[in-house]
Every structure is written in C-alpha cells, then in structure tokens.
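A short write-up of the structure that comes next.
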Amino acid sequence: MIGKIYGTGIYAPSNIMDNHTLAQKVDTNDTWIRERTGIVRRHIIEDDTTVSMASKAAKEALETSQVRAEEVDFTLVSTISSNIILPCVACEVQKEIGAVNATCFDLNAACTGFLFAYNTAQAYIASKIFQTVLIIGAETLSGMVDWTDRNTCILFGDGAGAVVLKGEEGGLFSTVTHSSGKQGAALTCVPGGYIKMDGHAVFRFAVKEVSQCIQELLEKENLSSEDIDYFVLHQANRRIVESVAKRLETDLEKFPMNLQEYGNTSSASIPLLLNQMNRSGLLKKGNKIVMAGFGAGLSWGASLLEW
Ligand code: ACO
C-alpha cells in the first residue's frame, strides 16, 4: 500500500509584508533581498495562529480531496512554531474540522518537517495501521525572528499547507533521509528566543547535502534526473535551488519556486508549492516528483512520488 495524494489545501494570511516595507523596519533593501534570496514578499499573521492556519489549510485539502473529516484516521502536523504547547496542534485541528476518528500528533523537524511527516504517513499506510491521512505543515515564524536582525528576519514568513493521502495498491514511494546533530549549532532557537543562524554554513550544507541526497535517491531507484518531472525543494533561497539544479545538471524549469511570494515558511513551504502546482494544472497524472527538505537539526531528505 502506498499513500496517494488526493488533494491539497493552503492558507496564507492576507497581510503581506514586501521588501520595501521590511526595509522601513531594519537596515536592508529590496535589491539586496531579491538578489541574495529571491524573496519579494512574505505573508505575516495578524489575527491568525498556527492552529487556525493549519485548520483552514486542512479544510481546503479535505474539500479538494472530496474526503469527509470523519474518514481521516491520522492527522499529523509538522510545526516548530505552535501557539500552544499542549494540546498539540493536530488535536486542535481535529477539534476544529471534526476529524473525530483521527489519531493526532505533531512532529518537529524544522524545514525538513513536511518531508518527514510525508514519510511517516507512508510508513503507517504501508503497515495498514492508517488508510486516510491528513498531513499539515503550519508555521508562524514571524513570532520567532528578531525583527532587528537583518540576517534572519528578511527570510521567513507565515503560512500553512496540507495534503490528504489515501492508501492504494501500486504507486511509487521511496525515500532517503539523514540527520546530523553534531552540526545543529548552525541553526538554533531556544524557548522564548529567536532563530539564530550561521547563514553561510546553512547555505553550504543545503547545496551539498540536498543534491547528494537526491542523487542517492535516484541511484537507489535506478532513475536519472531526466526521469523526474519536478523537483519540489524546500523554499529557503532561490540561490540554493539554482545551485542544486546546477549540481544535478538539470534544467531549472524542473524546479518550481514560490519563495518570492511567501519567503521561507519552514514545514509549510513544500505543501504550499505542491498546492500551487496542483491548482495551476502543472501536475499531470503519472508525473514523477522528488520532494526535498532540509533544515535545523541539521536534517535533510528526499522522497519520490508519482502524481
Ligand atoms: N540587507 C542588506 N545587507 C545585508 C543583509 C540584509 N538583509 N544581510 C546581510 N547583509 C550584508 C552583510 O552585512 C554583508 O556585508 P559586508 O560584505 O559589508 O560584510 C553582505 O550583505 C553579505 O552578507 P552575507 O551574509 O555574506 O550574504 P549571503 O550572500 O551569504 O546571504 C543569506 C545571506 C541570505 C542568509 C544566505 O547565507 C542564506 O540564504 N543562507 C541559508 C539560510 C537558510 O536557508 N536558512 C534557513 C534554513 S531552513 C530552516 O530550518 C529554518
């Protein structure tokens, strides 16, 4: 049994902070941010919370999947920025959407979180413990950045994305994942504190490990990058995506991006992008997609799926 994506949903706060507005808060400018990161604007919560965004994205994903909330037997939320510690976000989403039959818990793996949540869902589906799974990546990183630190605050944004998976015979799933706790100091946040990051170290790590990991996955499956229709990477920095494409000797057109619109939304970035590709009609049945996540931990991974 392999989980097939039945539908996607997102929620992004309507409040938009573009680079020009940000430059009024901190010593930066639109040109620098665009050139170094590709980011143009980000969505920032006003009245929303991680829970409310996760619930809205989940409702949309259920609607597009034509799956009733009562059919969901597992809800998994990936987040590092919950507005509450207890109960977990997944239980709050369950209450909000009426997924009364679901087992619910959260997962913390920073920007690799959605990928690890996807893999976790696939493992439960393969072992026939759960059949219909709702995975959500939801983040309010605006509350975790120091808005006076131009090294970090320009990068992040808020949002949520969700997918519904249903177990089916056939299909494609394979993954390669890694973690390296000894490199953890490159990207940290303590309770009540702000995200602290060695930008250069994270950049180098991402480019090297993500491309190697994708190569590992392709070799494992006896595929080449030509066999892959799209590479859906965590949306951290345009230059990271470009460098990975270059190392894989693959056309950048196969690497869709939406970081210009949302910034880095950590575990929400991959489902936000998948939803956009899905809604715009880019994705065709049978397309082979490699999703790749990377982030604090450090952790990283790549998973292969068939649309
Ligand atoms: N605006 C204007 N100037 C700036 C800014 C800014 N926001 N930030 C830094 N600068 C200046 C620096 O002071 C420096 O000036 P100097 O040359 O006079 O000393 C110059 O710009 C270059 O700074 P660098 O830090 O070398 O810039 P770089 O090109 O490396 O870009 C960045 C920095 C964007 C942070 C990059 O290193 C990066 O994207 N790293 C990866 C970060 C990332 O993806 N983190 C999230 C991982 S996912 C997760 O788990 C959350």
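Any read-out appearing in this document is the output of simple, stated calculations on the displayed coordinates, not a laboratory observation. Values in this document were obtained by computation on a predicted structure and should not be read as measured data. Because the Cβ atoms are built from the backbone with ideal geometry, glycine has one as well, and the counts that use them run over all protein chains shown.
Say whether the condition of being closer than 30 Å to Val176 by Cα and free of Cβ contacts under 8 Å to residues at least 60 places away in the same chain is met by at least one residue in the stretch 136-150. So far as the stretch 136-150 goes, no, none of its residues is closer than 30 Å to Val176 by Cα and free of Cβ contacts under 8 Å to residues at least 60 places away in the same chain. Residues of the stretch 68-81 that are in contact (Cβ under 8 Å) with a residue 40 or more places away in the chain, crowded, with 19+ Cβ neighbours inside 10 Å and not polar (S, T, N, Q): Val72, Phe74, Leu76, Val77, Ile80. For the condition under 23 Å from Ala109 (Cβ atoms) and within 16 Å of the ligand (Cβ to nearest atom), Ser243 qualifies.
Summed over the stretch 260-292, residues that are touching a Gly at 6+ places or on another chain (Cβ under 6 Å) and within 13 Å of the ligand (Cβ to nearest atom) total 4.
Hey, among the residues in the stretch 90-112 that are within 16 Å of the ligand (Cβ to nearest atom) and in a helix (DSSP H, G or I), which one's farthest from the chain's Cα centre (by Cα)? Looking at the filtered set, the residue picked out is Ala110.
Does the stretch 113-128 hold any residues that are touching a residue at least 40 places away in the same chain (Cβ under 8 Å) and either within 16 Å of the ligand (Cβ to nearest atom) or not aromatic (Phe, Trp, Tyr) (or both), and which are they? Show your work before the answer.
Within the stretch 113-128, the first condition is being touching a residue at least 40 places away in the same chain (Cβ under 8 Å), and the residues that meet it are 113-122, 124-126, 128.
Gly113, Phe114, Leu115, Phe116, Ala117, Asn119, Thr120, Ala121, Gln122, Ile125, Ala126, Lys128 - these are the residues of the stretch 113-128 that are touching a residue at least 40 places away in the same chain (Cβ under 8 Å) and either within 16 Å of the ligand (Cβ to nearest atom) or not aromatic (Phe, Trp, Tyr) (or both).
Within the bounds of the stretch 27-43, is there any residue that is within 27 Å of Asp149 (Cβ to Cβ), surrounded by 24 or more Cβ atoms within 10 Å (Cβ to Cβ) and basic (Lys, Arg)? Yes.
Sort out for me the strands (runs of 3 or more DSSP E) sitting completely within the stretch 113-189 that have 2 or more residues that are surrounded by 24 or more Cβ atoms within 10 Å (Cβ to Cβ) and hydrophobic (A, V, I, L, M, F, W, C). Break it down into steps so the answer makes sense when it comes.
Numbers: elements: 132-140, 158-168, 173-179.
Of the strands (runs of 3 or more DSSP E) lying wholly inside the stretch 113-189, those with at least 2 residues that are surrounded by 24 or more Cβ atoms within 10 Å (Cβ to Cβ) and hydrophobic (A, V, I, L, M, F, W, C) span 132-140, 158-168.
Against the definition (surrounded by fewer than 18 Cβ atoms within 10 Å (Cβ to Cβ) and out of contact with any helix residue (DSSP H, G or I) (no Cβ under 8 Å at 6 or more places or on another chain)), how does Glu242 come out, yes or no? Before you say what the answer is, go through the steps one by one.
Details: surrounded by fewer than 18 Cβ atoms within 10 Å (Cβ to Cβ): yes; out of contact with any helix residue (DSSP H, G or I) (no Cβ under 8 Å at 6 or more places or on another chain): no.
Considered against the rule, which asks whether it is surrounded by fewer than 18 Cβ atoms within 10 Å (Cβ to Cβ) and out of contact with any helix residue (DSSP H, G or I) (no Cβ under 8 Å at 6 or more places or on another chain), Glu242 comes out as no.
Mind counting the residues in the stretch 133-155 that are in contact with a helix residue (DSSP H, G or I) (Cβ under 7 Å, 6 or more places away or on another chain), more than 10 Å from the ligand (Cβ to nearest atom) and of a type in the set (Val, Ile, Thr)?
4
Does the stretch 220-232 contain at least one residue that is surrounded by 18 or more Cβ atoms within 10 Å (Cβ to Cβ), among the hydrophobic types (A, V, I, L, M, F, W, C) and within 17 Å of Ile10 (Cα to Cα)? Yes, because at least one residue in the stretch 220-232 is surrounded by 18 or more Cβ atoms within 10 Å (Cβ to Cβ), among the hydrophobic types (A, V, I, L, M, F, W, C) and within 17 Å of Ile10 (Cα to Cα).
Just give me the residues in the stretch 197-209 being within 11 Å of the ligand (Cβ to nearest atom) and either buried (at least 19 other Cβ atoms within 10 Å of the Cβ) or not in a helix (DSSP H, G or I) (or both), in sequence order.
Within the stretch 197-209, Met197, Asp198, Val202, Phe205, Ala206, Val207 qualify.
Of all the numbered requirements in (1) assigned to a loop (DSSP other than H, G, I, E, B); (2) over 26 Å from Phe205 (Cα atoms), Ile80 misses one, and that requirement is (2).
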